[in-house]
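For reference, the structure is listed below as structure tokens.
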Number of protein chains: 2
Amino acid sequence: MLTLRHLAIDTVRENVAFLNRRCTRYHVEDFLGLGRVEVRNDGRSLLAVLNIVDDDTIVGPDEIGLSAPAFRRLGLAAGSAVHLVPPTPPESFELVRAKVGGAALDDAQLAAIIRDVTDLRYSKIEIAAFLIACASFMTTAEVLGLTRAMIAAGTRLSWDGLDGLGGLPRTIADKHCIGGIPGNRTSMIVVPIVAAHGLPIPKTSSRAITSPAGTADTMEVLANVDIPVERMQALVREAKGCLVWGGHVRLSPADDILISVERPLAIDTREQLVASILSKKVAAGSTHLLIDIPVGPSAKIRNAGEAVRLRKLFEHVGDRLGLTLEVAVTDGSQPVGRGIGPVLEARDVMAVLRNDPAAPADLRERALLLAGRILEFDPAVRGGAGCSRARNLLESGAALATMERIIAMQGPPPAVATLGTLVAEVAAPADGVVASLDCYRLARIARLAGAPNDKGAGIDLLRKVGERVRRGEPLYRIHAGTNADFTFAQAFAADDSGVVVG
Amino acid sequence: MLTLRHLAIDTVRENVAFLNRRCTRYHVEDFLGLGRVEVRNDGRSLLAVLNIVDDDTIVGPDEIGLSAPAFRRLGLAAGSAVHLVPPTPPESFELVRAKVGGAALDDAQLAAIIRDVTDLRYSKIEIAAFLIACASFMTTAEVLGLTRAMIAAGTRLSWDGLDGLGGLPRTIADKHCIGGIPGNRTSMIVVPIVAAHGLPIPKTSSRAITSPAGTADTMEVLANVDIPVERMQALVREAKGCLVWGGHVRLSPADDILISVERPLAIDTREQLVASILSKKVAAGSTHLLIDIPVGPSAKIRNAGEAVRLRKLFEHVGDRLGLTLEVAVTDGSQPVGRGIGPVLEARDVMAVLRNDPAAPADLRERALLLAGRILEFDPAVRGGAGCSRARNLLESGAALATMERIIAMQGPPPAVATLGTLVAEVAAPADGVVASLDCYRLARIARLAGAPNDKGAGIDLLRKVGERVRRGEPLYRIHAGTNADFTFAQAFAADDSGVVVG
């Protein structure tokens, strides 16, 4: 037996055990080749990846250390006696091996895999194996099965008690953009328009991980977004809409785990994207969903053919899950609006809601288009009339009033964010017309400037595609809050500004 | 900048960095989503998987800790100032993504991947992605390209100065068994026979990882196997053969890295097996190679069809690498010899070499068959005459004399190993004939008894398939050295002995 020790090392979604090389009770070599151990006691058992330690102050020879999440999951007190046994890999991994060998998995088999993934019985390399097997080949039936399995492995939000539109089956609207376009903060305009119409739209959003801002980051400039589930439900009953961070809702924990491995691998497949998004939307209780697919040379989806294939897969799986699903294929050729980064994007959003004549027209028109499509989920809105209804709700100030109400109800942001005061202008290298803006490159510069952690950092675009510019005139401004970030971003922009003037 | 700290944590083939959550210089969230950081200074750079620490005694807020192998690879002194940048994944991973998408890779592309793998620029999940992409689909040209890339990424042993057989181009013989059959220690008989004939056969072997004994473990009962490369080369010049542990020869470091991820996933494909074995053999300087493929219901290869496909792939790739390669498909229906575990297997081997009438006939005949095939690589040995030449070298005592010379030259083992004195007999449940012995199950029991770390532990088979047995008579004996191992092995054997009496 070894003595259990808690190590304050956060290995997030992987269980990691630390064993002293001079372990008094076990031969570390017995476990090293397999890379894992099973830690046991009192009917509890935990599968953990093994690290060997040569420092007795971290783990002594008669101890086994567990990383913080692994310790929590095992659920035994520090100092407990535990024993180690050779690891029994999760049984469902046999199915992953079959899939690697070319088999198609049925719903029950996918459910078994997803259950073990959710219970953290898979190591990261096993998860990678499953993801790559799926990325190599996946039938449409498997995409549906995977989506169902991920829904079943999480909690599902209930919207009982929420009034629908007069006399109809309950409608919970939602929208989702597959991402990749900086400044594309339409949700913050669509939600108040749709809620102002009376259609419930409880929007949960993510924070940015690789982009300069997620909707949650930008909304946090204006209001608190860190809101528990019950409070969010109350809020939607009241105001019909909300714009909160999705982190409190354990909607699709399996998807979160899969994504944590998918992201560093940067392997995005259509199949995994559809399963990921639809599992979260169904779990969120959405019944009517609009998916925004921007298409452009530096967007996630590069051409119309890819967009069609993705749309068809969304429709196929969505239909079978009982969702009313619409797909909008939109222009993803350049950033939307002027600002990139939370404070700058919040400025653009509020300008649109306030009907400010200087508000970015592309952001406004795009939001109206999407809101119109959602409003047409309401049987009372005639086909084709959604957009004008949306425009009416925006121009009348109803959307702004709803947004202000949502902001008031969500409460003030945790900190006041202001625009970064270190400012550099990037100038046009020649006279001409802006030929292209590289979404990926500009996002990278905004991120180097400090966004989204530094909410006031980012890029303020002064010229968009098709606009004339003279040599030496500014194309955009970089805003930063610290000298280090400022220097990084400037150096990166000097190397390649992301703007082609032709 | 952060201060570099060495952590005595052995993360083996993966670089791991530890950052304090309250890091004073960087936002840990900036790196967490990507799972990695790049640590830099003075033109040195290291890509490492990131762990977050909440204990200042492990890593302080102004420090970054590197696991022992990562620290060594970065090559900076503890206390050095380093900075962190968002990780640039290895460029060659783009090719892995293409492969996942269905592309076939050419030699240059595979070489780029293998170089980055060898330089430890791939994380374990990236390696898993590459392995699974290869396991899903791999052309024969890719197997050849992968093998060549792995050869190029390591050192290649030179046998210049070694006398060949009279007047012929140098012949360096070698054999390899794909494994899975307990007790199959033919190398320790084949090497002295072939060396006694005068054909150089420098045999490097592995230690057991998941089996109860590797050839290196069993040879270590008789002699030192931990021998540096130059000493091994001198030894082969002298005695024509050796039986050493391959750990000193950095023959195919890429393969070692791939295997460290492949093994926990237990994904064995024909393609990876061929690339792995042939890359090591070519790197070892072998020119003439015999591959032993045992076939049986509990072996790695289950039927003749699989064996043929594997044989053809070995031949195809071997031919193109300039190897003279022969494949022997052998009986893998039950363990070979009587003993399973280092001391017991060494006993069987020496009994064969001593022409002891009680020596296991199956081990002797199998070794003679394989040795005969290798001897026929000598153009002077007439087709079909290899086996009788081998028998002659064994029966004359020439093979034993050569083995004794090899043992004397390699020197005494690091410790004297004796048979485990805790002994339990597993009895036949009924009168009858032994219908089957389960290789996998018996190997597992021998391992639980303590083999191979406890060299004296294992199983001594008293009945083989086809032999008559009466109820209550012993089928085999379990030998162990410690009570805990003894109890484990007995309990496992009581559950299912691995022997069917019908």
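Would you calculate, for chain A, the mean residue ellipticity at 222 nm contributed by helices, counting each DSSP H stretch of 4 or more residues as -39,500 (n - 2.57) and dividing by all residues, to the nearest 500? All intermediate terms of the calculation are to be shown ahead of the outcome.
Numbers: 18 runs with 205 residues, N = 502.
Value at 222 nm, helices only, nearest 500: -12500 deg cm²/dmol.
Need one number: nm distance between label points at A:Ala494 and A:Thr88, each 7 Å from Cα along Cα→Cβ, rounded to one decimal.
Here the answer is 6.2 nm between the modelled labels.
How far, in nm to one decimal, is A:Ser45 from itself in the other copies if the label point is set 7 angstrom along Cα toward Cβ? Shortest first, please.
4.5
Provide the FRET efficiency to the nearest 0.05 for the A:Asp119-B:Asn303 pair, computing r from the beta carbons and using R0 = 30 Å.
Values: r = 36 Å, r/R0 = 1.20.
E between A:Asp119 and B:Asn303, to the nearest 0.05, is 0.25.
Quick check: residue separation of A:Asp106 and A:Val329 times 0.36 nm, minus the Cα distance between them. What number comes out in nm? Before the final figure, lay out the partial values.
Details: separation 223, 0.36 × 223 = 80.28 nm, distance 3.13 nm.
Separation in residues times 0.36 nm, less the Cα-Cα distance, equals 77.2 nm.
Between copies, how close do the A:Asp319 label points come, placed 7 Å along Cα→Cβ, listed in nm from shortest?
From this label point to the equivalent ones elsewhere in the assembly: 5.1 nm.
What are the trypsin sites (Lys or Arg not before Pro) within region B:382-468 that DSSP puts in a loop, where the Cβ has at most 15 other Cβ atoms within 10 Å? Write out the running numbers ahead of the final one.
Numbers: sites: B:Arg382, B:Arg389, B:Arg391, B:Arg405, B:Arg441, B:Arg444, B:Arg447, B:Lys455, B:Arg463, B:Lys464, B:Arg468; in loops: B:Arg382, B:Lys455, B:Arg463, B:Lys464.
Listed in order of number, the matching sites are B:Arg382.
Determine the sum of side-chain charges near B:Asn51: Lys and Arg each +1, Asp and Glu each -1, restricted to other residues whose C-beta is under 10 angstrom from that of B:Asn51.
Computed value for this residue: -2.
Have a look at the DSSP beta bridges in region B:1-84 and tell me what percent are antiparallel, nearest 5.
On the way: 13 of 23 bridges.
Around 55 percent antiparallel, to the nearest 5.
Please report the antiparallel percentage of the DSSP beta bridges confined to chain B, to the nearest 5.
Working: 31 of 60 bridges.
Taking every DSSP beta bridge with both residues in chain B, the antiparallel ones total about 50 percent.
Using alpha-carbon pairs under 8 Å, 6+ residues apart, how would you state the relative contact order of chain B in percent?
Over chain B, the number comes to 14 percent.
How much net charge surrounds A:Asp319 when only other residues with a Cβ under 15 Å from its Cβ are counted (Lys, Arg +1; Asp, Glu -1)?
Details: positive: A:Arg148, A:Lys281, A:Arg311, A:Lys312, A:Arg320; negative: A:Glu315, A:Glu326.
Combined, the nearby Lys, Arg, Asp and Glu give +3.
Using θ = phi - 60° and the Karplus form 6.51 cos²θ - 1.76 cosθ + 1.60, what ³J(HN,Hα) does each residue of region A:26-37 get, whole Hz, x for Gly and Pro?
10, 7, 4, 4, 4, 9, 4, x, 8, x, 9, 10
Just to confirm the number: angle between the C-alpha axis of helix A:187-197 and the first principal axis of chain A, 0 to 90 degrees, nearest 10?
Compared with the principal axis, the helix lies near 70 degrees.
Measure out, as a whole number of angstrom, how far apart the alpha-carbon centroids of region B:1-39 and region B:361-401 sit.
57
Using only the Cα atoms of chain B, construct the convex hull and provide its projected area averaged over every direction, in square nanometres to one decimal. Walk me through the intermediate numbers first.
Working: hull surface 104.3 nm².
Directional mean of the projected Cα hull area for chain B stands at 26.1 nm².
Any chance you could give the angle, 0 to 90 degrees and rounded to 10, that helix A:398-410 forms with the longest Cα principal axis of chain A?
30
Amide H of B:Val329 versus every other amide H placed in the peptide plane: which residues, excluding those fewer than 5 positions away on the same chain, fall under 5 Å?
Residues meeting the amide H criterion: B:Ile293.
For chain A, find the longest principal axis of its Cα atoms and tell me its angle to the long axis of helix A:107-118, 0 to 90°, nearest 10.
Its long axis makes an angle of about 80 degrees.
If the viscosity is 1.306 mPa s and the temperature 10 °C, what translational diffusion coefficient in µm²/s does Stokes-Einstein give for region A:422-501 when Rh comes from Kirkwood over Cα pairs?
Estimated via Stokes-Einstein, D reaches 129 µm²/s.
Among all the lysines, which ones have a C-alpha under 20 Å from B:Lys124's C-alpha, if same-chain residues fewer than 8 places away are not counted?
Correct list for B:Lys124: A:Lys124, B:Lys99.
Between B:Val229 and A:Ser436, what FRET efficiency follows from the Cβ-Cβ distance if R0 is 45 Å, with the result rounded to 0.05? If you can, show how the numbers build up before the last one.
Details: r = 57 Å, r/R0 = 1.27.
Plugging the Cβ-Cβ distance into 1/(1 + (r/R0)^6) gives 0.20.
Return the percentage of antiparallel bridges among DSSP beta bridges fully within the protein assembly as shown, rounded to the nearest 5 %. Display every interim value, and only then the final one.
Numbers: 66 of 124 bridges.
Approximately 55 percent, going by the DSSP bridge assignments.
Can you give the Rg to Rh ratio of region A:1-155, both from alpha-carbon atoms, with Rh computed by the Kirkwood formula?
Ratio of gyration radius to Kirkwood radius for region A:1-155: 1.04.
Among rounded, prolate and oblate, which fits the protein assembly as shown when a ≥ b ≥ c are the square roots of the eigenvalues of its C-alpha gyration tensor, a/c under 1.5 means rounded, and a/b larger than b/c means prolate? Write down the numbers at each step before the final one.
Working: a/c = 2.31, a/b = 2.03, b/c = 1.14.
In terms of gyration-tensor shape, prolate.
Place the label 7 angstrom along Cα→C-beta at A:Ser206 and in each other copy, then list the distances from the first to the rest in nm, shortest first.
3.8
With the cut-off at 1.5 for a/c, could you classify region B:2-85 from its C-alpha gyration tensor as rounded, prolate or oblate?
Details: a/c = 1.24, a/b = 1.22, b/c = 1.02.
Taking the square roots of the gyration eigenvalues as a ≥ b ≥ c, region B:2-85 is rounded.
Here, each number is a calculation from the coordinates, and none is a lab measurement. As the structure is a computational prediction, the values presented were derived from the model and not from experiment. All Cβ positions, even for glycine, are placed from backbone atoms using ideal geometry, and neighbour counts span all protein chains on display.
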